[in-house]
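Working notes, beginning with the structure itself.
The values are calculated or read from the model by the stated rules, or taken from the named source; none is laboratory data. None of the values given here were measured: they were computed from a predicted structure. Don't worry about glycine lacking a Cβ; one is built from the backbone with ideal geometry, like all the others, and counts go over all protein chains shown. When the accessible area is computed, the model is the full protein with side chains, heavy atoms only, and any ligands, DNA or RNA have been set aside. Shrake-Rupley method; radii C 1.70, N 1.55, O 1.52, S 1.80 Å.
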Amino acid sequence: MRCSCHVMFLRYSPMLLFLIFISISINIKGETGPLTKKNVLIKPFNNTISAIFVFGDSTVDSGNNNCRATVTKSNFPPYGRDFVNHIPTGRFTNGRLVTDMTASYIGLKEFVPPYLDPIFSLEELMTGVSFASGGSGFDPLTAQISGVIPLEQQLEYFKEYKIRVENEIGEEKTKLLVSKAMFLISAGTNDFVINYFNTQLRRHSYTLPDYQQFLLQLTQQFLKDLMAEGARVIGIVGLPPMGCLPVVITMKTAGSPLQPRQCIDSYSDVGKEYNQLLQNMLKNMNTYGTKIIYADIYNPLYDMVQNPNKYGFNNVYSGCCGTGLFELALLCNPNSLVCINASEYIFWDAVHPTQATYYNLFNSLRPTVDVMLKS
């Protein structure tokens, strides 16, 4: 990300920073090949996907928060330690995201740039960008809490994108490009972890089941809005086992230091229940003429947590950065101690997976991506 933003890191009490930070923002191995000079690939097999467009939170944000006035950013070391040329791009991990691996797999390019990057070529623009913003969610209040880009604004940026492309290639070619593109959405974790469970604002108005329905209504509307803008193939990611996030474990066991660290089942169960509700809703929406495909990350991530040795992990309940118990975003910074081998960790910081974990998730999602290609 070519952004002239600078971040100053001061040495405060880690616990003080933690308490400040969780009241503002929480979000939720392998290389897929070397970068080409222009980040554009020749498609390795026959598919007609023209571009990839990404919406959501920090699991798919490739740097849109870099110049935003928010603590939810990661365009500084040690983030990006294992990325190409060790560059901290604004991705909330040590390397690539699943969306980068997906773009490479389908032959578009090696990584998906952030839309708000002020400098990239028309070729980059036309093959897809990420509009996602770390800390965001389907609930507008979630983005407001963290001072990041809400889903509604991400949609507005997509509309702006279409105008920019139309000015270059014309309206009809732009419509064709969009109709043949793959749309990916990854959001929802922050709506629960930052918003519903961590503040009183929504709990005053919604029971947990009511809030789940509220999010589903917002999700459905967002999908309809994308369809109205020309989307014909959409993949939407379910929630992860939220109770296995290191920061959630830390918050729930803060008063019991001798309690062993393990997943908080009550949080994970909420995600599992929501995922089923989401799948039921999507089945009904597939009658609208757009193929909408559910992508499961709950089960593969939970399997990694329960069977770490199978994947080469030896650290499950803490992140690679700092103590791994609460550090993320500005709390994981150049002053932090970092593990030597991140591929042995499921989590890079106290919320976000390592590149190794993302690689395993990508492999589990490849059949889903193949279905989208056939669509």
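Details
- Single unsatisfied condition, A231 versus (1) modelled with pLDDT of 95 or more; (2) hydrophobic (A, V, I, L, M, F, W, C); (3) not in a loop (DSSP other than H, G, I, E, B): (3)
- Test: residue in the stretch 286-304 that is farther than 28 Å from I52 by Cβ and in a loop (DSSP other than H, G, I, E, B): no
- Residue within the stretch 213-222 that is among the aromatic types (F, W, Y), out of contact with any helix residue (DSSP H, G or I) (no Cβ under 6 Å at 6 or more places or on another chain), closer than 21 Å to Q153 by Cβ and open to solvent by 10 Å² or more (accessible area, probe 1.4 Å) present: yes
- Screening the candidates F138, F76, F111 for the property of being under 27 Å from E327 (Cβ atoms) and open to solvent by 20 Å² or more (accessible area, probe 1.4 Å) yields one hit, F111.
- Selection count, the stretch 318-367, where residues are of a type in the set (S, T, N, Q) and within 17 Å of the chain's Cα centre (by Cα): 6
- Any hit, the stretch 169-188, residues being among the hydrophobic types (A, V, I, L, M, F, W, C) and open to solvent by 90 Å² or more (accessible area, probe 1.4 Å): yes
- Flag if P150 is surrounded by fewer than 24 Cβ atoms within 10 Å (Cβ to Cβ) and at pLDDT 95 or above: yes
- Any hit, the stretch 344-357, residues being open to solvent by less than 40 Å² (accessible area, probe 1.4 Å) and more than 19 Å from G243 (Cα to Cα): yes
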